[in-house]
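J.: After the structure tokens below, expect a handful of questions from me.
Readers should treat all values here as calculations from the given coordinates under stated rules, not as data from a laboratory. What you see is a predicted model, and the numbers here were worked out from it, not measured in a lab. A quick note on method: Cβ atoms are made from the backbone with ideal geometry, for glycine too, and the neighbour counts reach across all protein chains shown.
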Amino acid sequence: MKSSKQDQRQITQRKQDHIQAILHDPKIERKSDFDQIRLMHRALPEIDFAKIDSSSEFLGKKLSFPFLISSMTGGAADNLANINRRLAEAAEECQVAMAVGSQRTMINNPAAEPSFKLRQYAPNVPLIANIGAVQLNYGFGVEQVQRAIDTLQADAIYLHLNPLQEIIQPEGDSNFARLAEKIADLKNRLEVPIILKEVGSGLSPADIRLGLEAGVEWFDLAGQGGTSWSRIEAHRSDNDLGITLQDWGLSTTESLMLAQQFIPQANLIASGGIRSGVDMVKALILGAKLVGSAAPLLQPAMQSTEDCIQKIQQFKQEFQAVQFLLAIENLDDLHFNSDLILQSPWHSFERHCR
């Protein structure tokens, strides 16, 4: 697929703009509601902390704990390639999964392709490719999607859904008509799973139902809370729409509760506002099988692989500490276990968990 040099520069610059906005605008980080969930502490857990098993499986590969480095970036610039390389190296060292940022940039600009050639740095962990679903209405088809998969040597591909971001972007693509049909057709022509992913406004039950009808089995809910892409795009827009809608959407906890009706047909990934191993445990209790986080790893990825490893290990240490304090020796006893939630003033949560 051809594009002008101006378009190629524009996409790379947009990714640079996104990073700068995240680093310099603290209000891009929105409040999560994970802190409204309180867990049932056990003073007599009756298990040996040294024997806790936090391992899980994702896409046929073993993870040391159910953590995903969520989509961040990639493109035709050295700093973007270095971020991805460091994240991939850290994913391999820590045995966790990794998803890349949108690969549309490499479809339009071959110079961006090396930033997505990450299998050499992460030979044994799940890697997820990434294309915006809306691009299926703008000339992308199985050829472009397969190229994204092949470049990464990916185990699955995100088709990300970002209608809010697209209508705020000055150059956004906003024709989302009849995408479910095209997703279903694409699913039948690919050898790796499709994962439908929001980017910060959550997936509703209607969205998951459409995905299931299209043959999709994995859903990254990516709810409101944490990084606001609406506010990020407001930095690049000439109006206030991105600020007005900066907290639009379903929170990750709301999306999880609403999606519980589709378990086990739908496999859920929780991202959006995950800022600690404590949040991770809460997400698994609400029905997620895997939990992703991106923003806490951006600054470390700009520094070194070692800094990325340290941040992931912090998540794991927190995760295992809470697992122990809940008296949960294996993850099977943690997943979708509402008995681990205290009775609380948050009545809507209690109602959905019953």
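J.: Roughly how big is the chain's charge dipole about its Cα centre, with Cβ charges of +1 (Lys, Arg) and -1 (Asp, Glu), in debye to the nearest 20?
T.: Working: 34 positive and 43 negative charges, 94 e Å.
Dipole of the chain, to the nearest 20 debye: 460 debye.
J.: Quick one: what does P(r) look like for the range 52-353 with 10 Å bins over all Cα pairs, in whole %?
T.: 6, 28, 38, 22, 5, 0
J.: What percent do you get for the relative contact order of the range 221-268 when only Cα pairs under 8 Å and 6+ apart count? Mind dumping the intermediate values first?
T.: Working: 39 pairs, mean separation 21.3, N = 48.
Here the relative contact order equals 44 percent.
J.: Between the DSSP loop rule and a limit of at most 10 other Cβ atoms within 10 Å, which GluC sites (Glu not before Pro) in the range 15-87 are left?
T.: Working: sites: E29, E46, E57; in loops: E46.
For GluC sites (Glu not before Pro) across the range 15-87 that sit outside H, G, I, E and B with at most 10 neighbouring Cβ atoms in 10 Å, the list reads E46.
J.: If the cut-off is 15 Å between C-alpha atoms, which aspartates and glutamates fall inside it for K182, apart from same-chain ones fewer than 8 positions away?
T.: E143, D207, E213
J.: If you don't mind, there's one more thing I want to ask. Just H235, H24, H160 to compare: in a GNM of the chain, with alpha carbon springs under 10 Å, which one fluctuates most?
T.: Of H235, H24, H160, the Gaussian network model singles out H24 as fluctuating most.
J.: I've got another one for you. Between E217 and A43, what is 0.36 nm times their sequence separation minus the Cα-Cα distance? Round to one decimal in nm.
T.: Working: separation 174, 0.36 × 174 = 62.64 nm, distance 3.83 nm.
Here the segment from E217 to A43 would lengthen by 58.8 nm.
J.: Output the relative contact order of the range 52-353, whole-number percent, from Cα pairs under 8 angstrom with separation of 6+ residues. Mind showing how you got there, number by number?
T.: Numbers: 620 pairs, mean separation 52.1, N = 302.
It comes to 17 percent, rounded to a whole number.
J.: Another question about this same structure. Please go through the residue pairs K282/K316; K61/K316; K31/K282; K117/K316 and name each one whose alpha carbons sit more than 20 Å apart in this structure. Kindly include the intermediate steps, with their values, before the conclusion.
T.: Numbers: K282/K316 14 Å; K61/K316 18 Å; K31/K282 16 Å; K117/K316 27 Å.
Cα-Cα > 20 Å for K117/K316; rest within.
J.: Arrange the peptides 72-84, 292-304 so that the one whose residues have, on average, the most other Cβ atoms within 10 Å appears first. Mind showing how you got there, number by number?
T.: Working: 72-84: 21.2, 292-304: 19.0.
In decreasing order of mean packing, 72-84, 292-304 become 72-84, 292-304.
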